[in-house]
1. Going by what's in this entry, would residue 264 be described as touching a residue at least 40 places away in the same chain (Cβ under 8 Å), small (Gly, Ala, Ser), assigned to a loop (DSSP other than H, G, I, E, B) and crowded, with 19+ Cβ neighbours inside 10 Å?
2. Residues that are in a loop (DSSP other than H, G, I, E, B) and not polar (S, T, N, Q): does the stretch 211-225 have at least one?
3. Go through the stretch 232-244 and give me each residue that's of a type in the set (A, V, I, L, M, F, W, C), surrounded by fewer than 21 Cβ atoms within 10 Å (Cβ to Cβ) and either in a helix (DSSP H, G or I) or under 28 Å from the mean Cα position of the chain (by Cα) (or both).
4. Quick one: count up the residues across the stretch 110-135 that are farther than 15 Å from residue 325 by Cβ and either surrounded by fewer than 24 Cβ atoms within 10 Å (Cβ to Cβ) or of a type in the set (A, V, I, L, M) (or both).
5. Is at least one residue of the stretch 69-76 closer than 14 Å to residue 118 by Cα, surrounded by 24 or more Cβ atoms within 10 Å (Cβ to Cβ), among the aromatic types (Phe, Trp, Tyr) and modelled with pLDDT of 85 or more?
6. Considering only residues that are assigned to a helix (DSSP H, G or I) and within 16 Å of residue 133 (Cβ to Cβ), which ones fall in the stretch 271-282?
7. Which residue pairs have Cβ atoms closer than 7 Å, lie 6 or more positions apart in sequence or on different chains, and pair a first residue in the stretch 6-17 that is of a type outside the set (Asp, Glu) and at pLDDT 90 or above with a second residue that is buried (at least 18 other Cβ atoms within 10 Å of the Cβ) and not in a helix (DSSP H, G or I)?
8. Applying the selection to the stretch 150-189, what residues are without any contact (Cβ under 8 Å) to a residue 40 or more places away in the chain and closer than 17 Å to residue 10 by Cβ?
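The values are calculated or read from the model by the stated rules, or taken from the named source; none is laboratory data. Computed from a prediction, not measured in an experiment: that's the story for all the values here. Glycine also receives a Cβ, built like all others from the backbone with ideal geometry; neighbour counts cover every protein chain displayed.
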Amino acid sequence: MKPPWHILPVIVFAQFAGTSLWFAGNAVAADLQREFALHEGALGNLISAVQFGFITGTLIFAFLSVADRFSPARVFLFSAFAGAIFNICVIWLADGLASLLAFRFLTGFFLAGIYPVGMKISSDWYGKGLGKALGYLVGALVLGKAFPFLLKAFAGGASWQDILLATSGTAAAGGLLLYFTVGDGPNRRPAPRFEWDVIPKIFRFPEFRSAAFGYFGHMWELYAFWTFVPALLAAFNTFNGQILAVSGWSFAVIGMGALGCVAGGYISLKAGSPKVAFFMLLTSGLLCLFSPLLFHLPEPVFLAAVLIWGFAVVGDSPQFSTVVARTAPPEYIGTALTIVNCIGFALTIFSIQLLNHLGQWIGPQWWFLFLVPGPVFGLWHIGRGGVRG
């Protein structure tokens with residue numbers, strides 16, 4: 001039976017709302033740096049704290065099979081409220097870098113109950129067309145992460161405290177709306193009991209491994225690219241004497257990923273999710289490889305290239321997640337999505353910190369070359385794994 005018309009829009013909005021917490025610290029990083037007298041490397045550390053919190057949360061959620069043993073809608077609601085509270089704690093309680101890192105870590109921890117759990121809820125409502133549904137869902141995640149940049153760019157005289165309050169209120173509203181109007185899907189198959197070795201069992205499936213490894217290669221590139229988009233734009237300004245609006249164009253580049261996710265979702269209905277994932281990853285990988293040349297392009301061509309990069313760099317994400325969901329045991333789809341997210345996001349810490357430290361030694365025109373191994377690894381596995389779409 002076809003789900004009611006409102007299900008997907010509500011899940012999409014809730015995902016957008018919850019994930020607006022993710023890059024809230026990034027969007028106000030300059031303000032936090034002034035307010036708390038942070039060193040220049042604090043941006044990478046603040047982003048990594050969120051990532052590390054998310055990794056810790058997903059590891060615990062996956063080990064305990066939280067999304068499969070308990071109501072996903074309740075898990076989402078609780079996590080949205082908890083993440084919103086810890087996001088606001090930066091205003092109320094932070095007094096230096098250590099407390100900032102702690103609150104960003106805790107915000108990331110509860111994002112583990114938003115992003116993969118939202119995909120689990122979608123998979124419980126949608127059988128056919130899951131690639132399209134997840135395309136919208138991950139597109140909402142992209143816009144959610146870009147949302148703080150939009151607020152920062154167009155909110156006039158809004159303070160950094162206003163930005164954090166707005167993202168927290170949005171996240172809480174999304175959790176409430178999903179819980180009261182969507183709930184758990186009709187295809188949900190609760191896990192029968194706790195199994196300590198469920199994660200190794202899931203990875204015994206060859207097609208699942210291929211999809212997971214492809215996702216891991218994609219993740220090596222994705223968050224490092226998103227984190228350093230403002231630095232990429234600022235470097236272009238420096239090299240070429242331009243005055244590109246960094247916050248506005250950062251929103252545009254990251255936000256283009258939403259269009260990539262939705263477009264990829266529709267294309268997957270005919271081409272299949274594995275093919276869409278492969279060609280999106282190939283596109284972003286080639287842009288990584290040729291990134292040093294971008295700084296020598298005319299401004300319109302440079303902007304077109306980075307917008308295409310933003311389109312492709314996350315356009316494969318929902319399709320990888322679709323294949324993961326289709327190749328995992330039905331009673332452990334939530335756990336499979338969560339552990340794949342856990343490992344994938346763990347890799348992002350290394351790539352973000354790598355670029356963070358490279359900034360002390362080499363110019364920004366060379367940074368993105370170090371992301372190339374991720375797409376190569378992902379393309380190899382999704383291309384040779386024989387995964388069916």
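1. So residue 264 fails the test.
2. So far as the stretch 211-225 goes, no, none of its residues is in a loop (DSSP other than H, G, I, E, B) and not polar (S, T, N, Q).
3. 234, 235, 239, 244
4. The total comes to 3.
5. Yes, the conditions are met somewhere in the stretch 69-76.
6. 273, 276, 277 - these are the residues of the stretch 271-282 that are assigned to a helix (DSSP H, G or I) and within 16 Å of residue 133 (Cβ to Cβ).
7. 7/182; 10/182; 11/182
8. 180
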